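Nothing in this text is a laboratory measurement; each read-out follows from the coordinates by a stated rule. Keep in mind that what you see is a predicted model, and the values were worked out from it rather than measured. Cβ sites come from the backbone with ideal geometry, for glycine too, and all protein chains shown count toward neighbours.
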Amino acid sequence: MDPATMAVVGMALAKSTEGFAGEAGKGLWTALGRVVNAVRSRMRGEPALTIWEQRPDDLEARSALARAVRERLNGDPEFRHELTTVLGELEQHQEFAVQVQGNAAVGKIVNVGTVQGDLNF
């Protein structure tokens, strides 16, 4: 996944789970916060960011923001380095957060980290 898409996915995840993280996921949420801050600081005033902040669940708004971030990354090597560094921090976290809401009927939840070889259940 390219850095722009990863950044927007991270921002959407952070927005949708505000206030959810407990002690176990602090490192992950800190890194996600840095992604959000990096994008917001570099994209301030960008219409795509404003629209996404108003409608974070809107897929078109996410796509437009990803395109705008990608364009900015292509023209700003410093931003690309900053965002790539912060996204790299996310890859270091092997923490999982699972949120089940509403009237969900859940049997089993399996979180799988890195798998090398076959995985059978």
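Semi-axes of the equivalent ellipsoid for region 47-87, computed as √(5λ) from the eigenvalues of its C-alpha gyration tensor and ordered from largest down, come to 21, 10, 8 Å.
In order along region 54-71, phi translates into HN-Hα couplings of 7, 9, x, 8, 7, 4, 5, 5, 5, 5, 5, 5, 4, 4, 5, 5, 4, 4 Hz, rounded to whole numbers, per the Karplus curve 6.51 cos²θ - 1.76 cosθ + 1.60 with θ = phi - 60° and x for Gly and Pro. Packing-based ranking of 29-37, 52-60, 83-91 yields 29-37, 83-91, 52-60, ordered from highest to lowest mean Cβ neighbour count within 10 Å. Think of region 25-72 as a dipole: +1 on every Lys or Arg Cβ, -1 on every Asp or Glu Cβ, centred on the Cα centre; then among Val36, Ala68, Leu49, Val36 lies furthest on the positive end.
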